[in-house]
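The values are calculated or read from the model by the stated rules, or taken from the named source; none is laboratory data. These numbers come from a predicted model, not from an experiment. For neighbour counting, all protein chains shown are included, and Cβ atoms are generated from backbone atoms with ideal geometry for every residue, glycine included. Just so you know, the surface numbers come from the protein's heavy atoms only, side chains and all, with ligands and any DNA or RNA stripped out. Shrake-Rupley method; radii C 1.70, N 1.55, O 1.52, S 1.80 Å.
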Amino acid sequence: FIYIIFRMIYNITMRTKAKILVTLAVAAVLLAPGGVWGDDRAGAGLGPGSGSQNLPNPLGKITDPRVLIGIVINSVLGLVGSIAFVVFIAGGIIWMTSAGNSDKIQKGKNMIIWAALGLAVIFFSYAIVRFILEDVLTKAAK
């Protein structure tokens, strides 16, 4: 019996073994009895007179979810814009170092063209998001 199990485990690929290991680890954490998630002592719970404290806001002064969504969207657009800029520079380097190789020249041109189109899409996305967040939502809030 042990030999059969060993052969089954031996024939499984490393990727499948990793999936099985992760699944078993998650199951062990979620199903293991033990961890204390709260304090069951009398008077230690939340409620009036229990001495509960307010937790500080981890987002600082941001209390409106629309502001948080705007910050996240602007950050993502900035990151994507930076990636497009790097692709633009890489395309220029490939083109400049092609040494007359037409395949590399075409590859560099294509990278520059697609990076420029990507930047245009990013700028239009930023304009649309800014319009929605500032104009539409502020008018809806009033």
Query raised in the report: What pairs can you find where one residue is in segment 67-78 and closer than 18 Å to F123 by Cβ, the other is at pLDDT below 80 and β-branched (V, I, T), and their Cβ atoms are less than 8 Å apart, with a gap of 6+ or different chains?
Result: G70/V129; I73/V129; N74/V129; L77/V129
Report summary line: Out of (1) modelled with pLDDT under 85; (2) within 20 Å of the chain's Cα centre (by Cα); (3) not hydroxyl-bearing (S, T, Y), the one V80 does not meet is (1)
Query - Qualifying positions in segment 87-137 - open to solvent by 60 Å² or more (accessible area, probe 1.4 Å), among the hydroxyl-bearing types (S, T, Y) and over 29 Å from G70 (Cα atoms) - result: T97, S102
Requested in this report: Name the helices (runs of 4 or more DSSP H) wholly inside segment 50-142 in which the number of residues that are acidic (D, E), on the phi < 0 side of the Ramachandran plot and out of contact with any Cys (no Cβ under 6 Å at 6 or more places or on another chain) is 1 or more.
Outcome: 102-131
**Report entry** Q53 vs. criteria open to solvent by 60 Å² or more (accessible area, probe 1.4 Å), modelled with pLDDT of 85 or more and polar (S, T, N, Q)
**Finding:** no
